[in-house]
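Read-outs throughout are calculated quantities, based only on the coordinates presented, and are distinct from any laboratory measurement. Note that this is a predicted model, so its numbers are computed, not measured. Cβ coordinates were reconstructed from backbone atoms using ideal geometry, including for glycine residues, and neighbour counts include every protein chain displayed.
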């Protein structure tokens, strides 16, 4: 390696290291914010509360986020990304269509509602009505989720007997709405039965029945 190449590589290393350090610090702030927002609520939580939880200074916070709304938007985007990834990974495994939808629903309850409860609280409770920009982001998030489900219905039915776009969308809206309400009632409010395995089973049976209108049970 020549002197010039070594110089270029040497100059590049600090940049990569600095970028990784910034990414880690941003992740540190976001991880703290999820917990603080879930515990105290977005309206009540201050920047100081988040920086104390993240063990950083207030000044450091502002190097990454200009305000609480920007942080909330970033958290909502990341929560949505993880939710979609959770559902997609479960759905894309091989098997009959109804079984694939059931696995995705099970992943929602077990891998998201239980293991990522702070994200669930952020999406369904703490981001609601915070600002017009955040509300538009929530609307867009649900539109994407509904599109994912409607698209999955269309894909697994194939060309023959494929349901119409409106029918797939109505079924998708119904499924997302049901999951939202069940998650809020049992996993956020934590009211009603404490046997979440039974809640999961009943909800998934409901999904299978609903999908029966567009997916032949024999598939």
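Give the residues of region 91-112 that are surrounded by 18 or more Cβ atoms within 10 Å (Cβ to Cβ) and over 20 Å from residue 198 (Cα atoms), sorted by residue number. Residues satisfying the conditions are 91, 97.
Scanning region 193-203 for residues that are more than 10 Å from residue 182 (Cβ to Cβ) and either in contact with a helix residue (DSSP H, G or I) (Cβ under 6 Å, 6 or more places away or on another chain) or assigned to a loop (DSSP other than H, G, I, E, B) (or both) yields a total of 3.
State whether the residues of region 53-66 include one that is free of Cβ contacts under 8 Å to residues at least 24 places away in the same chain, farther than 20 Å from residue 112 by Cβ, in contact with a helix residue (DSSP H, G or I) (Cβ under 9 Å, 6 or more places away or on another chain) and buried (at least 16 other Cβ atoms within 10 Å of the Cβ). Yes: region 53-66 contains one or more residues that are free of Cβ contacts under 8 Å to residues at least 24 places away in the same chain, farther than 20 Å from residue 112 by Cβ, in contact with a helix residue (DSSP H, G or I) (Cβ under 9 Å, 6 or more places away or on another chain) and buried (at least 16 other Cβ atoms within 10 Å of the Cβ).
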